[in-house]
């Protein structure tokens, strides 16, 4: 995935003068496309799922149509071939996403995990990812890197399977990393904040490099 792809998505969510201010982010674009990739979805149901108001969902739909990613009909919003291509790019980078229950490491009410492919070399402290999750409304984020067939957390554990076996088993039941993959688990008081935080933290890795 390239910086051009990220910029394309960010431009859809960006404020456009002199129009009304936007109250949505790239995470809303991601989750809207995820829902539409499953089946056509109506405006009201989409607004409910994304937890946004009528004006915001109208703007999101208009932006996606302007970008050539969706069409609308009586059946609802449907991905175009371009929209499907964009969704597949997202899915290649974030191939697994799942709700995670409470563990030794995740004791909040709602926890959501993203698997990010081949990005372990971009993570050092994980501060940038944690900050992104918190700015999106989450309470905390755990950044796990798969190294040499072990799960690791910087400054916490070089072998999660050995030191936190129950948590490691629960995580590995939900997502299946290979070496150099990253698992980001984000916790929040409500499900949507956990999901938005997980996306934001994962999305921040697209700008990262070995210099982090």
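Since every read-out is calculated from the coordinates, none of them should be taken as a lab result. All of these numbers come straight from a predicted model, not from anything done at the bench. Cβ placement follows ideal geometry from the backbone for every residue including glycine, while neighbour counts extend to all protein chains displayed.
Assign one of three labels to segment 114-212, namely rounded, prolate or oblate, based on the Cα gyration tensor with a ≥ b ≥ c the square roots of its eigenvalues; rounded applies when a/c is under 1.5, prolate when it is not and a/b is larger than b/c, and oblate otherwise. Judged from the Cα gyration tensor, segment 114-212 comes out oblate (a/c at least 1.5, b/c at or above a/b). Does segment 48-142 come out rounded, prolate or oblate, given a ≥ b ≥ c as the square roots of the eigenvalues of its C-alpha gyration tensor, rounded meaning a/c under 1.5 and, failing that, prolate meaning a/b above b/c? Since a/c reaches 1.5 and a/b is larger than b/c, the shape of segment 48-142 is classed as prolate.
Dividing the Cα radius of gyration of the chain by 2.2 N^0.38 Å, with N the residue count, gives 1.04.
Against the chain, whose longest principal axis comes from its Cα atoms, helix 54-66 is set at around 90 degrees. For segment 3-90, what relative contact order do you get, as a whole percent, if you take Cα pairs closer than 8 Å and at least 6 residues apart? Relative contact order for segment 3-90 comes out at 28 percent. Calculated mean residue ellipticity, 222 nm, the chain: -13500 deg cm²/dmol, from DSSP H runs (n ≥ 4) at -39500 (n - 2.57) each, averaged per residue and rounded to 500.
Between 0 and 90 degrees, the angle of helix 191-204 with respect to the longest Cα principal axis of the chain falls at about 80 degrees. Using the Cα gyration tensor of segment 3-90, with a ≥ b ≥ c the square roots of its eigenvalues, what is the shape: rounded (a/c below 1.5), prolate (a/b larger than b/c) or oblate (neither)? Verdict is oblate for segment 3-90. Note on 174, 48: ascending count of other Cβ atoms within 10 Å places them as 48, 174, the fewest first. With each label point set 7 Å from Cα along the Cα-Cβ vector, what nm distance links residue 176 and residue 62? Taking the simple label geometry, residue 176 and residue 62 are separated by 4.4 nm. Per-residue extension of 0.36 nm, minus the Cα-Cα distance of residue 91 and residue 3, leaves a gain of 30.1 nm for this segment. Normalising the average separation of contacting C-alpha pairs (under 8 angstrom, six or more residues apart) by the number of residues puts the relative contact order of the chain at 21 percent.
Helix 26-38: angle to the longest alpha-carbon principal axis of the chain, degrees 0 to 90, nearest 10? It is inclined by approximately 80 degrees.
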